[in-house]
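Peer 1: First the structure, which I've put down as structure tokens, then a few questions once you've had a look.
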Amino acid sequence: MTKPKVGFFGVTGCAGDLLNVLNCEDQLLDLVDLVDIREFLMASSEGDHEVMLDVAFIEGCVVSQRDEDVVKAVRQRTRLLVALGTCAMWGGVPTLDRLHDRGALLQQVYGDFGRTIDTRPAQALDEIVKVDFGLPGCPIEKHEFLAAVANLLNGNLPQLPHYPVCAECRFAENRCLLGQDGALCLGPLTIAGCDARCPSLGVACNGCRGPAPDANFESAATLYQSMGYTRAQVERAMATFAPLPGAVH
Amino acid sequence: MSTRIVVDHLARVEGHGGITVELDGRQVQAVRFDVFEGARLIEGLIGGRHWTEVAQIVSRICSICSSSHALTSIKATEAAFGLMVSPQTLRLRDLLNRGENIESHALHLFLLAAPDYLEYPSAIHLAADNPDAVKLGLRLKRLGNSIQEVIGGRCIHPVNCVVGGFASMPTTDRLLQLRQDLLQGVADAQAAVAIVAGLPPVSCGRVDTIFAALDPGATYGYYDGDQIVVRSARGDTRVAAADYRSLTAESTVAHSHAKHSSWQGSPFMTGALARVTIHGHLLDEGSARVRARLGLGVPTGDPLQNNLAQAVELEYDIRYTLALVEQLLQDGLRPEPPLRPQVRAGHGTGVTEPPRGLLVHSYTYDAQGFIREADIITPTAMNAAMLERHMRGAVAVSDPENEPELKRRLEMVARAYDPCISCSVHLVRL
Ligand code: SF4
Ligand code: SF4
């Protein structure tokens with residue numbers, strides 16, 4: 001059997017999802033045996049920029065023409081495109097720009113020079129090209145990445161949980177930070193898969209994996225407001241890793 | 001005749017950047033380190049955010065130094081509110097920082113830099129001929145990650161370190177496991193030093209260098225301290241953390257989203273080599289032997305020596321961390337809920353030493369504890385101007401006709417700085 005050809009790419013992000021691939025220290029050398037990695041700039045200076053790929057993984061969001069060009073070029077040469085991490089799948093932290101005046105932010109951070117750089121409002125990959133599958137997480141969970149690779153090798157598309165972080169929290173018999181401590185915990189709105197990492201340590205979930213299917217933002221917002229948080233604070237919190245439904249540039 | 005040497009897209013670094021050199025015969029016209037990373041404007045995006053949310057958002061600036069970004073942010077917020085944390089918290093933060101330093105140095109030395117010296121395109125290719133070296137590097141890297149997982153709750157973008165302390169204490173079981181891993185790590189670190197010492201020498205030139213590092217007090221480390229020491233041929237100057245701007249008089253440069261820093265008009269270098277140069281006397285006997293074995297003499301104007309300085313720190317930090325974990329096991333960890341600050345309007349600045357050098361977070365809060373303004377200056381931004389000088393130095397000792405060799409040297413210099421490009425673009429207002 002010929003090994004599937006894969007590529008790892010990054011547009012604008014923190015490299016955390018690509019790093020978490022390299023963080024699979026115990027599996028990395030096996031992974032290299034099972035798939036034929038044709039491009040992984042963060043790890044190798046040898047890359048094959050032409051060959052047709054079976055699977056391309058892309059980390060990061062699109063905030064420039066350059067990013068858009070990269071994403072479109074990768075789409076053209078791959079059978080399957082996987083959005084790697086929350087930025088790629090939902091837009092991530094950079095899409096917080098929808099709550100601000102981006103021109104003013106550019107001026108604030110770069111001064112007049114800000115007007116000359118190739119930059120634009122942040123977008124998720126599926127706003128630019130067709131994405132076949134997304135792995136959420138900021139960063140991705142290593143076990144989910146490895147399971148996804150195993151599924152893809154068997155010709156299946158991986159499955160994501162359809163329930164929120166709260167379900168994992170209940171399973172772990174954690175104390176409920178929202179119900180018992182009045183914390184602004186986004187567990188009810190956030191897609192599971194991290195084993196309720198934060199609430200298990202006593203930290204409120206800030207939604208880093210993005211929205212769960214069927215997440216009801218409006219009723220959650222009403223609940224948080226009834227607990228004493230302002231509307232603005234609730235909206236900012238809910239929009240930290242993925243734009244709220246209907247939020248435009 | 002003028003020629004242009006271009007490294008389009010630098011591989012084996014974190015983020016997207018390139019190198020351009022313009023030559024007129026042997027005369028260097030221009031050397032540029034270009035940053036292509038998109039503008040995420042993170043300091044702007046935390047405007048209006050509550051003090052409880054800030055560290056988690058800013059850690060997303062960079063994955064490799066995410067523990068440092070979170071801790072530096074927390075340090076700045078605690079300074080703004082005048083909150084003093086417990087000695088136990090300081091120990092755990094020290095441990096988290098060392099975990100990051102171990103992971104980052106192991107990643108850099110074995111997966112990113114070593115392939116250069118041995119002329120392989122990647123550690124994956126290197127593993128085909130020398131699997132043991134690569135496996136060793138991966139084990140050391142995993143050790144750094146395990147420390148961050150046990151203390152920080154996640155090896156990238158840690159969640160357990162918060163303003164006022166830690167949300168949860170690591171369990172004794174996990175500390176015992178960590179101790180086991182560290183014992184193996186001590187042996188691995190010796191083997192790592194032997195490998196680094198055996199790398200074939202490459203010369204990329206020497207340039208007089210000014211160094212800057214945080215004064216960690218009595219113990220060689222990365223978290224504590226609020227004074228920066230600048231060492232030049234004229235001697236040492238101390239700069240208080242709150243006056244960091246005198247060290248980073250920045251200017252935006254047209255070819256890059258990054259801004260260049262300088263101290264009294266001169267570029268400077270920060271990172272492992274700067275730390276060992278300025279604070280090497282705080283290291284112990286064991287480190288002195290490692291330095292001798294590696295042939296690291298400081299001060300030096302050779303940028304590749306930064307790789308050796310990383311190896312010195314890697315070896316020291318593993319032994320230090322083992323002792324610290326044993327101490328924690330002996331003393332036991334008290335349950336200690338994070339301290340709540342007295343929220344008030346004000347400024348706070350935090351400076352720490354991530355793997356790549358000085359990192360500054362400086363915040364202004366309003367009376368309700370929401371961010372009004374934020375400045376973040378990263379080591380890669382501080383290093384950018386000096387990196388260009390060192391690349392000029394590499395051109396000076398190279399044959400301009402031999403383009404592959406010249407490119408290799410330029411890349412090795414850039415990689416020796418271990419640039420973290422996602423970091424470099426999030427810079428202060430002018
Ligand atoms: S999703 Fe998170 S870890 Fe991945 S690139 Fe974005 S900020 Fe980094
Ligand atoms: S609990 Fe929430 S914030 Fe924490 S890792 Fe899971 S999804 Fe992310």
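The values are calculated or read from the model by the stated rules, or taken from the named source; none is laboratory data. The structure presented is a predicted model; accordingly, all values stated were derived computationally and were not measured. Methodologically, a virtual Cβ is constructed for each residue, glycine included, from the backbone with ideal geometry; neighbour enumeration extends over all protein chains shown.
Peer 1: Restricting the search to the range A:11-67, which residues are small (Gly, Ala, Ser), within 9 Å of chain B (Cβ to nearest Cβ) and on the phi < 0 side of the Ramachandran plot?
Peer 2: Once the filter is applied, which keeps residues that are small (Gly, Ala, Ser), within 9 Å of chain B (Cβ to nearest Cβ) and on the phi < 0 side of the Ramachandran plot, the range A:11-67 yields A:GLY13, A:GLY16, A:ALA43, A:SER44, A:SER45, A:GLY47, A:SER64.
Peer 1: Turning to a different aspect of this structure: I'd like the full set of residues that are outside any loop (DSSP other than H, G, I, E, B), more than 8 Å from ligand 2 (Cβ to nearest atom) and surrounded by 21 or more Cβ atoms within 10 Å (Cβ to Cβ), limited to the range A:170-187.
Peer 2: Selection gives A:LEU178 alone.
Peer 1: Right, here's the next one. Take residues that are in contact with a helix residue (DSSP H, G or I) (Cβ under 6 Å, 6 or more places away or on another chain) and closer than 30 Å to B:ILE74 by Cβ and tell me which of the helices (runs of 4 or more DSSP H) falling wholly in the range B:111-175 contain 3 or more.
Peer 2: B:131-152
Peer 1: Kindly check whether there is at least one residue in the range A:218-237 that is within 10 Å of ligand 2 (Cβ to nearest atom), within 14 Å of chain B (Cβ to nearest Cβ) and within 21 Å of B:VAL58 (Cα to Cα).
Peer 2: No, the conditions are met nowhere in the range A:218-237.
Peer 1: Take residues that are in contact with a Lys or Arg (Cβ under 8 Å, 6 or more places away or on another chain) and over 25 Å from B:ILE151 (Cα atoms) and tell me which of the helices (runs of 4 or more DSSP H) falling wholly in the range B:327-430 contain 3 or more.
Peer 2: Numbers: elements: B:379-396, B:403-416, B:421-424.
Ranges flagged: B:379-396.
Peer 1: Still on this structure, I have one more. Taking the stated definitions as given, is A:GLY91 away from ligand 2 (no atom under 13 Å from the Cβ) and free of Cβ contacts under 8 Å to residues at least 40 places away in the same chain? Quick ask: steps written out before the conclusion?
Peer 2: On the way: away from ligand 2 (no atom under 13 Å from the Cβ): yes; free of Cβ contacts under 8 Å to residues at least 40 places away in the same chain: no.
For A:GLY91, the condition - away from ligand 2 (no atom under 13 Å from the Cβ) and free of Cβ contacts under 8 Å to residues at least 40 places away in the same chain - is not met.
Peer 1: Restricting attention to the range A:200-232, and to residues there that are among the hydroxyl-bearing types (Ser, Thr, Tyr) and in a loop (DSSP other than H, G, I, E, B), which single residue is farthest from ligand 1 (Cβ to nearest atom)?
Peer 2: Within the range A:200-232, the subset among the hydroxyl-bearing types (Ser, Thr, Tyr) is A:200, A:219, A:222, A:224, A:226, A:229-230.
Checking which are in a loop (DSSP other than H, G, I, E, B) leaves us with A:229-230.
On the way: A:TYR229: 24, A:THR230: 26 Å.
Only one residue fits best here, namely A:THR230.
Peer 1: Could you figure out which of (1) without any contact (Cβ under 8 Å) to a residue 40 or more places away in the chain; (2) of a type in the set (A, V, I, L, M, F, W, C); (3) within 18 Å of A:ALA242 (Cβ to Cβ) isn't true of A:LEU189?
Peer 2: (1)
Peer 1: Looking only at the range B:150-182, filter to residues that are closer than 21 Å to B:PRO87 by Cα and within 16 Å of ligand 1 (Cβ to nearest atom); which one of those is surrounded by the most Cβ atoms within 10 Å (Cβ to Cβ)?
Peer 2: It comes out as B:GLY152.
Peer 1: Against the condition within 13 Å of ligand 2 (Cβ to nearest atom), over 15 Å from the mean Cα position of the chain (by Cα) and at pLDDT 95 or above, how does A:GLY210 come out, does it pass?
Peer 2: no
Peer 1: So is A:GLY91 surrounded by 18 or more Cβ atoms within 10 Å (Cβ to Cβ), over 21 Å from A:CYS24 (Cβ atoms) and more than 7 Å from every other protein chain (Cβ to nearest Cβ) or not? Walk me through how you get there before you give the answer.
Peer 2: Numbers: surrounded by 18 or more Cβ atoms within 10 Å (Cβ to Cβ): yes; over 21 Å from A:CYS24 (Cβ atoms): yes; more than 7 Å from every other protein chain (Cβ to nearest Cβ): yes.
So A:GLY91 passes the test.
Let's see how each residue does on (1) touching a residue at least 24 places away in the same chain (Cβ under 8 Å); (2) within 30 Å of B:ARG372 (Cα to Cα); (3) out of contact with any strand residue (DSSP E or B) (no Cβ under 7 Å at 6 or more places or on another chain):
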| site | (1), (2), (3) |
| --- | --- |
| B:SER2 | yes, no, no |
| B:VAL13 | yes, no, yes |
| B:GLY17 | yes, no, no |
| B:ASP24 | no, no, no |
| B:ARG32 | yes, no, no |
| B:GLU43 | yes, yes, no |
| B:ARG49 | yes, yes, no |
| B:THR52 | yes, yes, yes |
| B:GLN56 | yes, yes, yes |
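Peer 1: Is it true that some residue in the range B:215-231 is farther than 30 Å from B:VAL397 by Cα, away from every other protein chain (no Cβ under 14 Å), over 20 Å from the mean Cα position of the chain (by Cα) and not in a helix (DSSP H, G or I)?
Peer 2: Yes, the range B:215-231 contains a residue that is farther than 30 Å from B:VAL397 by Cα, away from every other protein chain (no Cβ under 14 Å), over 20 Å from the mean Cα position of the chain (by Cα) and not in a helix (DSSP H, G or I).
Peer 1: Kindly check whether there is at least one residue in the range A:15-24 that is under 24 Å from B:ARG154 (Cα atoms), of a type in the set (D, E, K, R) and within 16 Å of ligand 2 (Cβ to nearest atom). Give the derivation first.
Peer 2: We begin by selecting, within the range A:15-24, every residue under 24 Å from B:ARG154 (Cα atoms); these are A:15-24.
Now drop any that are not of a type in the set (D, E, K, R), which leaves A:17.
Of the ones still in play, those that are also within 16 Å of ligand 2 (Cβ to nearest atom) are A:17.
Yes; the residues of the range A:15-24 include at least one that is under 24 Å from B:ARG154 (Cα atoms), of a type in the set (D, E, K, R) and within 16 Å of ligand 2 (Cβ to nearest atom).
Peer 1: Right, next: Could you tell me which of the residues A:VAL149, A:VAL109 is more than 16 Å from ligand 1 (Cβ to nearest atom), surrounded by 21 or more Cβ atoms within 10 Å (Cβ to Cβ) and within 30 Å of A:ALA196 (Cα to Cα)?
Peer 2: Going through A:VAL149, A:VAL109 in turn, the sole match is A:VAL149.
Peer 1: Being of a type outside the set (Lys, Arg) and more than 7 Å from every other protein chain (Cβ to nearest Cβ) narrows it down to one of A:ASP112, A:ASP97, so name that one.
Peer 2: Sole residue among the options that is of a type outside the set (Lys, Arg) and more than 7 Å from every other protein chain (Cβ to nearest Cβ): A:ASP112.
Peer 1: Say whether the condition of being assigned to a loop (DSSP other than H, G, I, E, B), within 15 Å of ligand 1 (Cβ to nearest atom), crowded, with 24+ Cβ neighbours inside 10 Å and among the small types (Gly, Ala, Ser) is met by at least one residue in the range B:61-75.
Peer 2: Checked against the condition, which is being assigned to a loop (DSSP other than H, G, I, E, B), within 15 Å of ligand 1 (Cβ to nearest atom), crowded, with 24+ Cβ neighbours inside 10 Å and among the small types (Gly, Ala, Ser), the range B:61-75 yields at least one hit.
Peer 1: While we're looking at this one, here's another question. Exactly one of these conditions fails for A:PRO164: (1) touching a residue at least 24 places away in the same chain (Cβ under 8 Å); (2) more than 16 Å from ligand 1 (Cβ to nearest atom); (3) over 23 Å from A:GLU235 (Cα atoms). Give me its number.
Peer 2: Result: A:PRO164 passes all but (3).
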